[in-house]
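K.L.:
Pasting a structure below so you can have a look.
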There are 2 protein chains.
Amino acid sequence: SVSLETEKTSDGVEKTAGKSIYMISDGTGWTVEHSVNAALGQFEHCLVDRGCAVNTHLFSGIDDVEQLMEIIKQAAKEGAMVAYTLADPSMAESAEQACNIWGIPSTDILGPITEAIASHLGVSPSGLPRGASGRNFPLSDEYFKRIEAIEFTIKQDDGALPKNLINADIVLAGVSRTGKTPLSIYLAQKGYKVANVPIVMGVEMPKTLFQVDPEKVFGLTVNSVVLQAIRRARAKSLGFGAEVRSNYSEMDYVREELEFAGRIFAQNPAWPVIEVTGKAIEETAAVVLRLYHDRKNRCSMPRISKRY
Amino acid sequence: SVSLETEKTSDGVEKTAGKSIYMISDGTGWTVEHSVNAALGQFEHCLVDRGCAVNTHLFSGIDDVEQLMEIIKQAAKEGAMVAYTLADPSMAESAEQACNIWGIPSTDILGPITEAIASHLGVSPSGLPRGASGRNFPLSDEYFKRIEAIEFTIKQDDGALPKNLINADIVLAGVSRTGKTPLSIYLAQKGYKVANVPIVMGVEMPKTLFQVDPEKVFGLTVNSVVLQAIRRARAKSLGFGAEVRSNYSEMDYVREELEFAGRIFAQNPAWPVIEVTGKAIEETAAVVLRLYHDRKNRCSMPRISKRY
Ligand SMILES: Nc1ncnc2c1ncn2[C@@H]1O[C@H](COP(=O)(O)O)[C@@H](O)[C@H]1O
Ligand SMILES: Nc1ncnc2c1ncn2[C@@H]1O[C@H](COP(=O)(O)O)[C@@H](O)[C@H]1O
Ligand SMILES: [Mg+2]
Ligand SMILES: [Mg+2]
C-alpha cells in the first residue's frame, strides 16, 4: 500500500496522476476492496510497467445519504469511477442515480448477488448494513473458534511447543522462507489451528511430527533459485554476518537443504507436498484447504463446504 | 465453518437440508466466498433461527470447461444456485450458458466490475486467471512488506519486547479479551506492523508506550457485562482454578480494570479509544485504519488511498 502520489500540472493545479476508483461501503469496505483488487489482477500487464496507474480510495462506514453525495461529487470532480456495497436499497439507488446524473460509471458490487440469493431462498434481504443498530452481533462459537485458532497458531510458530502438534488441525513443514508463518496465519484467520515446523539441515525433527495423523501434515517446497533470492534479501534485512549468510543463502547449501527436506517428505508419503514457487500465500492456502477438505470425500469433485 | 449436514427423506434418499450455493473460481475462490458471505449477512434474520439453512460449496482452481460443466450439472441436480469468478471470458460465457440451459440462477461476481474498470482505464482485461502459466508472479516489495509485518506482529504479541514499540506502525492497548491479538493479526495481514500491549490492573505499562508517537497508539475498550461474559467463557476453556477465575472474570474486578484502563486513556488524550462491543474484528480494523489514514488528511472525507 503506497500512499497517494500527486503531481503538479502545467497550470500549477495539484492533480492526481492516474485514474481513480472510489470504493464506498456502509460497512468495513473490505468486500468492495477485495473485489476491486481481484479485478485489478486483470490489468497487471499495464499496472506493472505503470502504463496505467490506478489510485483507489476506500470510504467505509458511509451510512447517510449526504456523505454519500459528497463522495460521489468528489469522484465526479476527479473523473473517478465508483464501486459500492450499500445494504439499504434507497442508499444503493441514490448512489446509482447520482452517478448517472454526474455521468460517472458505477458498479453495485453486492446488489446482484444479494438479489440472486434472495430469490433462491425466497426471503427478502434485511436491507440493514452490518453494524446497524437493531442488528445484534452474536458472540458465536464461530467467533470464539477463530480467536482460539489465531492464538494457538501464534504460539505454535516456528516449531515452538512440539508437544501441541497433536492439537493442530493442520501442520506445515518446510525449510526456512517457504512461507510457513504467513501461511499459518492466513489459515488461522479462517478458523484452523495451525502449527508450523521448520526443517533445518542436520537438525532432527520433533518426534511428535511423526506421531500425528499424517493427513494433516503438509510439506512445502520451493524452487532453489527462487529460495536463494528470497534468503539473500532476508539475510540482508536481518543484517546477518558474512559467515551465517553464506550458509543460509548460498546455492549449494540451499540445494542440499531442499534435498534434505525432500528426503523427509519421501519418508512420509502420506504428507502432501505443495510447491509454493510463484504462489501468493492465499493461493497456497487454497491448495492446502482443498486437500484438507477433500480427505473425507475423495472421489467427488474437491470442494470446501460450509453450513450457515 | 460447520461441515455439511445431511438428512434422510421419507423415501430413504439422502438429501441435503437447506438451499445450496455453488461458488466457482479459476483462482483461490476467496473473492466469491467473501462476496457471498457479505451478501448472506443480509439474511441473518432467517439464518440465525435456521428458518433458511444455507450450504455453500466452494470449487477453486477450476480452469477447464469440463470440470466446470460437471460442477454446474451437479448444481442443477441439487437445485443449487451458482456464483462464479472466471477470468477467461469463454469460461465465464460457458458458465452462464450452461446455467441458463439447466435453468439455474447464476451470478458473475467479477465480470461487471472488471468491465467497468476496463472501460474506465481504456485497457482490455488480460483474460488470464491468477496462477495461469505465462503470468509471472513478482516477489514484490509489497509481498515482503506483508510477510515482515506478520512476523513483527507475532513477535510483539501480548506486550512482548516493549523496546520494539518504536518500530510498530500501530500499537494497540487494552485489557485482556478486548481482541488485541486477533485485531493485530488482521492488521498485519494488511501490511501493518502492529504491537499489542495488555493493560492489567496494578501492573505498570512499559515506558516505551508513552515515548512512541501517540497518534499510532489505539486504546480498546468494551462494555463490562460483555467483557465479563467473554472472560467467563475464556476462564472455563483455560481451566482456571476458582480463585484466579474470580479475579479475572468477576464483575467488580472487570469494572475496576476497565476503569483503570480508562484512566490511562484519559492521561493520554491523543490516543483514540475504540469501543469494540458488538464489533467483529474486521469492523474494529476498519475503524483503526480509517483513523490511521486520516491523520495526514484530517479535513477531507476520511479515506484509505492506495496506488497500483
Ligand atoms: N453480517 C452482516 N450483516 C449485514 N450486512 C452485512 C454483513 N456483513 C456485510 N454486510 C454488508 O455487506 C456489504 C459489504 O460489507 P463490508 O465488507 O463490511 O464493506 C455492506 O453493504 C455491509 O453492510
Ligand atoms: N493477480 C491476479 N491476476 C489475474 N487474475 C486474478 C488475480 N487475482 C485474482 N484474479 C482473478 O480474480 C478472480 C478471483 O480470484 P480468487 O479470489 O483467487 O478466486 C479469479 O477469476 C482470478 O483468476
Ligand atoms: Mg517462520
Ligand atoms: Mg492477546
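The values are calculated or read from the model by the stated rules, or taken from the named source; none is laboratory data. Because the structure is predicted, anything quoted here is derived from the model rather than measured. Cβ placement follows ideal geometry from the backbone for every residue including glycine, while neighbour counts extend to all protein chains displayed. Surface accessibility is based on the protein's heavy atoms, side chains included, excluding ligands, DNA and RNA. Shrake-Rupley method; radii C 1.70, N 1.55, O 1.52, S 1.80 Å.
K.L.:
Looking at B:Ile154 and the list (1) at the interface with another protein chain (Cβ under 9 Å from one of its Cβ atoms); (2) of a type in the set (A, V, I, L, M, F, W, C); (3) within 16 Å of ligand 2 (Cβ to nearest atom), which single condition is not satisfied?
P.N.:
Of (1) at the interface with another protein chain (Cβ under 9 Å from one of its Cβ atoms); (2) of a type in the set (A, V, I, L, M, F, W, C); (3) within 16 Å of ligand 2 (Cβ to nearest atom), only one is false for B:Ile154: (3).
K.L.:
Looking at (1) in contact (Cβ under 8 Å) with a residue 60 or more places away in the chain; (2) over 22 Å from B:Met23 (Cα atoms), which is the only condition B:Ala87 fails?
P.N.:
Status for B:Ala87: all satisfied but (2).
K.L.:
Kindly list, by first and then second residue, each pair from a residue in the stretch B:94-111 that is farther than 11 Å from B:Ala76 by Cα to a residue that is within 16 Å of ligand 3 (Cβ to nearest atom) and open to solvent by 50 Å² or more (accessible area, probe 1.4 Å), limited to pairs with Cβ atoms under 7 Å and residues at least 6 apart or on different chains.
P.N.:
Partner pairs satisfying both residue conditions: none exist.
To keep it simple, each residue is scored yes or no on (1) within 16 Å of ligand 3 (Cβ to nearest atom); (2) out of contact with any Leu (no Cβ under 7 Å at 6 or more places or on another chain); (3) within 23 Å of A:Arg177 (Cα to Cα).
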position	(1), (2), (3)
A:Asn268	no, yes, yes
A:Gly278	no, yes, yes
A:Ile281	yes, no, yes
A:Met301	no, yes, no
A:Lys306	no, yes, no
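K.L.:
Where residues in the stretch A:170-185 are touching a residue at least 60 places away in the same chain (Cβ under 8 Å) and not in a strand (DSSP E or B), which of them is nearest to A:Glu256 (Cα to Cα)?
P.N.:
Checked the stretch A:170-185; the qualifying residue nearest to A:Glu256 (Cα to Cα) is A:Ser176.
K.L.:
Between A:Gly159, A:Gly179, A:Gly174, which is within 9 Å of chain B (Cβ to nearest Cβ) and either surrounded by 17 or more Cβ atoms within 10 Å (Cβ to Cβ) or of a type outside the set (Lys, Arg) (or both)?
P.N.:
A:Gly179
K.L.:
Please return the ranges of helices (runs of 4 or more DSSP H) entirely within the stretch B:9-125 where 1 or more residues are farther than 30 Å from A:Val54 by Cα.
P.N.:
The helices (runs of 4 or more DSSP H) meeting that bar are B:30-40, B:44-47, B:65-78, B:89-102.
K.L.:
Could you look through the stretch B:101-121, keep only residues that are more than 8 Å from chain A (Cβ to nearest Cβ) and more than 16 Å from B:Ser35 (Cβ to Cβ), and pick out the one that is nearest to the chain's Cα centre (by Cα)?
P.N.:
So, considering only residues that are more than 8 Å from chain A (Cβ to nearest Cβ) and more than 16 Å from B:Ser35 (Cβ to Cβ), the one nearest to the chain's Cα centre (by Cα) is B:Glu115.
K.L.:
If you don't mind, there's one more thing I want to ask. Please verify whether A:Gly191 is over 26 Å from B:Thr277 (Cα atoms) and either outside any helix (DSSP H, G or I) or within 16 Å of ligand 4 (Cβ to nearest atom) (or both), treating the condition exactly as stated. Please lay out each step first, then the result.
P.N.:
On the way: over 26 Å from B:Thr277 (Cα atoms): no; either outside any helix (DSSP H, G or I) or within 16 Å of ligand 4 (Cβ to nearest atom) (or both): yes.
In short, no.
K.L.:
Can you tell me which residue among A:Ser35, A:Ser60 is facing chain B (nearest Cβ under 7 Å) and within 24 Å of B:Gly131 (Cβ to Cβ)?
P.N.:
From the options A:Ser35, A:Ser60, the qualifying one is A:Ser35.
K.L.:
Filter the stretch A:263-282 for residues that are under 28 Å from the mean Cα position of the chain (by Cα), open to solvent by 30 Å² or more (accessible area, probe 1.4 Å) and on the phi < 0 side of the Ramachandran plot and give the result.
P.N.:
A:Ala270, A:Pro272, A:Val273, A:Glu275, A:Thr277, A:Lys279, A:Glu282
K.L.:
Filter the stretch A:186-216 down to the residues that are within 14 Å of chain B (Cβ to nearest Cβ) and β-branched (Val, Ile, Thr) and list them by number.
P.N.:
The answer is A:Val194, and nothing else.
K.L.:
Let me ask another. What number of residues in the stretch B:72-104 are surrounded by fewer than 22 Cβ atoms within 10 Å (Cβ to Cβ) and β-branched (Val, Ile, Thr)?
P.N.:
2
K.L.:
Note down all Cβ pairs under 8 Å where the first residue falls in the stretch B:147-163 and is farther than 17 Å from A:Ser176 by Cα and modelled with pLDDT of 95 or more, the second is within 11 Å of ligand 3 (Cβ to nearest atom) and assigned to a helix (DSSP H, G or I), and they're at least six residues apart or on different chains.
P.N.:
Qualifying pairs under 8 Å: B:Leu161/B:Lys155.
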